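The values are calculated or read from the model by the stated rules, or taken from the named source; none is laboratory data. This one's a predicted model, so the numbers in the text were calculated from it and none came from an experiment. No Cβ is skipped: glycine too gets one built from the backbone with ideal geometry, and neighbour counts run over all protein chains shown. For accessibility, only protein heavy atoms count, side chains too; no ligands or nucleic acids. Shrake-Rupley method; radii C 1.70, N 1.55, O 1.52, S 1.80 Å.
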Amino acid sequence: MGRPSKLTPERQARLVEAIASGHYYETACRLAGIHYANFRQWMIKGEAEESGKYREFYEAITHAEAEAEDHAIQQWQQAMPTDWRAAQMFLERRH
(Lines give C-alpha, C1' and ligand atoms only; values in the text may rest on other atoms or scores of the structure.)
Protein backbone atom coordinates (compact mmCIF):
# COMPACT_ATOMS: atom_id res chain seq x y z
CA MET A 1 0.00 0.00 0.00
CA GLY A 2 2.83 2.42 0.68
CA ARG A 3 3.58 5.17 3.08
CA PRO A 4 0.83 7.65 4.03
CA SER A 5 0.94 10.99 2.26
CA LYS A 6 2.57 13.91 4.01
CA LEU A 7 -0.31 16.03 2.74
CA THR A 8 -2.29 16.47 5.93
CA PRO A 9 -4.96 19.09 6.66
CA GLU A 10 -2.58 20.78 9.11
CA ARG A 11 0.27 20.90 6.60
CA GLN A 12 -2.05 22.20 3.87
CA ALA A 13 -3.34 24.91 6.21
CA ARG A 14 0.23 25.98 7.04
CA LEU A 15 1.19 26.14 3.36
CA VAL A 16 -1.93 28.11 2.47
CA GLU A 17 -1.34 30.54 5.34
CA ALA A 18 2.29 31.09 4.36
CA ILE A 19 1.54 31.60 0.67
CA ALA A 20 -1.41 33.89 1.36
CA SER A 21 0.88 36.05 3.51
CA GLY A 22 3.31 36.38 0.61
CA HIS A 23 5.96 33.71 1.14
CA TYR A 24 7.61 32.02 -1.81
CA TYR A 25 6.78 28.35 -2.33
CA GLU A 26 10.11 27.08 -1.04
CA THR A 27 9.88 29.13 2.14
CA ALA A 28 6.29 28.00 2.70
CA CYS A 29 7.43 24.41 2.30
CA ARG A 30 10.15 24.84 4.90
CA LEU A 31 7.64 26.40 7.29
CA ALA A 32 5.30 23.43 6.74
CA GLY A 33 8.09 20.89 7.17
CA ILE A 34 8.07 19.40 3.68
CA HIS A 35 10.42 19.27 0.74
CA TYR A 36 9.65 21.50 -2.21
CA ALA A 37 9.63 18.43 -4.51
CA ASN A 38 6.64 17.04 -2.59
CA PHE A 39 4.81 20.33 -2.98
CA ARG A 40 5.43 20.35 -6.75
CA GLN A 41 4.18 16.77 -7.09
CA TRP A 42 1.00 17.64 -5.21
CA MET A 43 0.43 20.70 -7.38
CA ILE A 44 0.95 18.71 -10.59
CA LYS A 45 -1.43 15.99 -9.40
CA GLY A 46 -3.99 18.58 -8.30
CA GLU A 47 -3.92 20.45 -11.59
CA ALA A 48 -4.46 17.20 -13.49
CA GLU A 49 -7.28 15.85 -11.32
CA GLU A 50 -10.88 16.99 -11.44
CA SER A 51 -11.59 16.19 -7.78
CA GLY A 52 -9.98 14.77 -4.68
CA LYS A 53 -7.56 15.95 -2.05
CA TYR A 54 -4.85 16.99 -4.51
CA ARG A 55 -7.33 19.04 -6.54
CA GLU A 56 -8.54 20.70 -3.34
CA PHE A 57 -4.91 21.36 -2.42
CA TYR A 58 -4.20 22.90 -5.83
CA GLU A 59 -7.25 25.15 -5.60
CA ALA A 60 -6.41 26.24 -2.04
CA ILE A 61 -2.84 27.14 -3.06
CA THR A 62 -3.89 29.07 -6.17
CA HIS A 63 -6.50 30.94 -4.11
CA ALA A 64 -3.84 31.79 -1.52
CA GLU A 65 -1.63 33.16 -4.31
CA ALA A 66 -4.51 35.36 -5.48
CA GLU A 67 -5.02 36.65 -1.92
CA ALA A 68 -1.33 37.55 -1.62
CA GLU A 69 -1.35 39.33 -4.95
CA ASP A 70 -4.52 41.22 -4.07
CA HIS A 71 -3.01 42.39 -0.79
CA ALA A 72 0.17 43.57 -2.53
CA ILE A 73 -1.79 45.46 -5.17
CA GLN A 74 -3.91 47.15 -2.51
CA GLN A 75 -0.74 48.32 -0.76
CA TRP A 76 0.68 49.52 -4.06
CA GLN A 77 -2.47 51.47 -4.89
CA GLN A 78 -2.44 53.10 -1.46
CA ALA A 79 1.05 54.42 -2.21
CA MET A 80 0.10 55.88 -5.60
CA PRO A 81 -1.51 59.15 -4.41
CA THR A 82 1.65 60.23 -2.59
CA ASP A 83 4.37 58.58 -4.68
CA TRP A 84 4.31 58.99 -8.46
CA ARG A 85 6.88 56.19 -8.76
CA ALA A 86 4.35 53.70 -7.40
CA ALA A 87 1.94 54.64 -10.19
CA GLN A 88 4.67 54.48 -12.80
CA MET A 89 5.84 51.08 -11.58
CA PHE A 90 2.28 49.77 -11.53
CA LEU A 91 1.72 50.84 -15.14
CA GLU A 92 5.07 49.44 -16.27
CA ARG A 93 4.31 46.05 -14.82
CA ARG A 94 0.65 46.06 -15.72
CA HIS A 95 1.06 46.89 -19.40
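Considering only residues that are touching a residue at least 12 places away in the same chain (Cβ under 8 Å) and assigned to a helix (DSSP H, G or I), look in the stretch 1-16 and name the one that is least open to solvent (accessible area, probe 1.4 Å).
The residue in question is L15.
If we scan the stretch 18-32, do we find a residue that is under 15 Å from the mean Cα position of the chain (by Cα), surrounded by 16 or more Cβ atoms within 10 Å (Cβ to Cβ) and polar (S, T, N, Q)?
no
Those residues that are farther than 15 Å from R11 by Cβ, open to solvent by 80 Å² or more (accessible area, probe 1.4 Å) and either part of a helix (DSSP H, G or I) or among the hydrophobic types (A, V, I, L, M, F, W, C) (or both), I need them from the stretch 49-69; list them, please.
Within the stretch 49-69, E59, H63, E67, E69 qualify.
Can you pull out the residues in the stretch 70-95 that are in a helix (DSSP H, G or I), open to solvent by 90 Å² or more (accessible area, probe 1.4 Å) and more than 22 Å from H23 (Cα to Cα)?
W84, R85, L91, E92
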